[in-house]
Amino acid sequence: MLKVAKFGGSSMADEKQFAKVRQIVQSDPARRVVVVSAAGKRDRKDHKLTDLLYLCYAHLQYGVSCDSVFQMISDRYTGIRDALGLKTDIEGELSALREKMDDGISQDELVSRGEYFSAKLMADYLGFDFLDAKLWLKFKYDGSIDTDASYEALQKLAQGRSVVIPGFYGVTPDGHIRTLTRGGSDITGALAAAALDADVYENWTDVSGILMVDPRIVENPLPIEHITYSELRELSFAGAQVLHEATVFPVREKGIPLNIRNTNEPDHPGTLIMEHFDDEADDERIITGIAGKKNYSIVTVAKTGLSSTVGAYRRLFEIFENHEVSVEYAPSGIDSISLVVQASRVEKSIYAILGEIQKVLKPDSIHVTENISIVAAVGRRMVTTPGSSGKIFAALGKNGVNIRMISQGPEELNIIVGVDTKDFSTAIQVLYNSFVK
Ligand code: ADP
Ligand code: ASP
Ligand code: MG
């Protein structure tokens, strides 16, 4: 039995959290591979170590001294070490890092040090070996992860050992450190679990599993007990931030269950994520979860006979492609189509895009709607429950939320609505209340 356990920033925030992590790891001998994040916030006003490291790099870029920020970083880690009575030579490592910074360190290498120091300390505290992600998490030249090479390397390195691995970074083919995107330690853990064919990938954080909705929008939402990989992917894509969006791929491919757990409430079973669940009660909720994202624009193109014109959609999408804008949703009618894009992605190119659409398609009209938010209701039972979408639209309508766009995926796993950003929180609260209460 092998459990890969990833502990996020809040679980690594200070010596008290370190002690909880040790308790959890030691309570189950199957937890032999531990992946850690950089120290996170200790309270609302505190800073994440990774953010401080980015800030430090920004100072270097502009030739401004980063001494005071660097001191905060040093204090955080020496503080944890001293409080736990560990021997790790943080000072030696830090002065080597300072020298590298003076010589011109890359941003990726500098910001990866949060995870590096966390892992060094946790390895010391647990009596496990420190296993640097630089030795196995390999990127290809194109920036994607070379999973075959990474898995093979980790299998050799972790064989028969108990290890602590720093999350968030790996190595390029020419030996440089490269980070994943923000929140990427979740991916490191998933890759480690897949490489080692773990029985479960445990992701320990500060909530007792994935909640039905962001707790900053709805107070005390119910936790999700079971969710499928596909549903989780929909929810993450739609803005639920509890896990990095790319976490599911490696574990799903190997059929490894993912279990989200709470370091502060270790007896809670959390959320279990699997391909499917056989033994489900009939009275389970239609909606598994609700998520949303702000800052979208909708480009609506109308032209009589649009959907029967050969190649029209392709030419339209090509315009967005040429401007490197991804179209996230595209609901269509017979004579019109709406393209939903992130506002920040079209900020500079919107007029060029509209001009090209005009030229290429000669539409009857083009219309851009700004300040749109996307809200997605996700649930595997919607496909077998008639009237789900009606219930959603009725609930929003009754509460004065104007629906600007509707989209449903072909698997009927989600219903996505576009609403004015001023209605964002209301829309999420209304959906939650009408499906849960
Ligand atoms: P970690 O540092 O452990 O990786 P994160 O901060 O990345 O943790 O993710 C956990 C946080 O995600 C929670 O504290 C919560 O505020 C937030 N969150 C947003 N949406 C949800 C949701 N639907 N369910 C649970 N947590 C959510
Ligand atoms: N420390 C990194 C971040 O803040 C990675 C992570 O926490 O997963 O983005
Ligand atoms: Mg995270």
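The values are calculated or read from the model by the stated rules, or taken from the named source; none is laboratory data. Bear in mind the structure is a predicted one, so any value in this text is a computation, not a measurement. A quick note on method: Cβ atoms are made from the backbone with ideal geometry, for glycine too, and the neighbour counts reach across all protein chains shown. Accessible surface is based on the protein model in full, side chains and every heavy atom, while ligands, DNA and RNA are left aside. Shrake-Rupley method; radii C 1.70, N 1.55, O 1.52, S 1.80 Å.
Structure summary
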read-out: Difference of contour (0.36 nm per residue) and Cα-Cα distance, K254 to L2; value: 89.3 nm
read-out: Cα centre as origin, Lys/Arg/Asp/Glu Cβ charges: region 270-393 dipole, Debye; value: 640 debye
read-out: Rounded to whole Hz, the Karplus (6.51, -1.76, 1.60) HN-Hα couplings of region 217-226, x for glycine and proline; value: 10, 10, 6, 6, x, 6, x, 8, 7, 10
read-out: Relative contact order (%) - criterion: Cα under 8 Å, at least six apart; region: region 311-356; value: 31 percent
read-out: In sequence order, calculated HN-Hα J values of region 91-99 (Karplus, 6.51, -1.76, 1.60; Hz; x Gly/Pro); value: 4, x, 5, 5, 6, 5, 5, 4, 4
read-out: Rounded tilt (10° steps) of 350-361 against the dominant C-alpha axis of the chain; value: 40 degrees
read-out: Shape category assigned to region 232-277 from the gyration tensor of Cα positions, a/c cut at 1.5; value: oblate
read-out: Probe 1.4 Å, protein heavy atoms only - accessible area per residue of region 1-121 in square angstrom; value: 47 Å²
read-out: Cα-centred dipole magnitude for region 1-149, charges only on beta-carbon of K, R (+1) and D, E (-1), debye, nearest 20; value: 740 debye
read-out: Lys/Arg +1, Asp/Glu -1 at C-beta; region 361-421 dipole; positive extreme among I415, N371, G387; value: G387
read-out: In region 29-72, trypsin sites (Lys or Arg not before Pro) in a DSSP loop with at most 13 other beta-carbon atoms within 10 Å; value: R44, K45
read-out: 5 angstrom amide H check on V200, placed H, neighbours 5+ away; value: L2, V4
read-out: Expected 222 nm ellipticity per residue - DSSP helices of 4 or more, -39500 (n - 2.57), all of the chain, to 500; value: -12000 deg cm²/dmol
read-out: Summed side-chain charge close to R314 - residues other than R314 whose Cβ falls under 15 Å, Lys, Arg +1, Asp, Glu -1; value: -1
read-out: Within the chain, longest stretch clear of exposed chymotrypsin sites (Phe, Trp or Tyr not before Pro) (DSSP loop, no more than 15 other Cβ within 10 Å); value: 278-437
read-out: Among T147, I165, L137 the positive-end extreme of the charge dipole of region 120-182 (Cβ point charges); value: I165
read-out: Low-density loop cleavage sites - GluC sites (Glu not before Pro) in region 289-356, where at most 14 other Cβ are within 10 Å (DSSP); value: E324, E347
read-out: Accessible carbon and sulfur surface of the chain relative to its total accessible area, %, 1.4 Å; value: 48 percent
read-out: Dipole magnitude of the chain about its Cα centre (Cβ charges: Lys, Arg +1; Asp, Glu -1), debye to nearest 20; value: 660 debye
read-out: Nearest 10 degrees, 0 to 90: helix 107-126 Cα axis against the chain principal axis; value: 50 degrees
read-out: For the chain, built as a Gaussian network whose Cα springs stay under 10 Å, the top-fluctuating residue of V417, V401, V34; value: V401
read-out: Probe 1.4 Å, accessible area per residue of region 135-293, Å²; value: 44 Å²
read-out: Using alpha-carbon coordinates, inclination of helix 49-61 to the longest axis of the chain, degrees; value: 90 degrees
read-out: For the chain, built as a Gaussian network whose Cα springs stay under 10 Å, the top-fluctuating residue of G333, G255, G127; value: G333
read-out: Cα lying deepest toward the dipole's positive end in region 329-437, options S344, S434, N402, charges on Cβ; value: S434
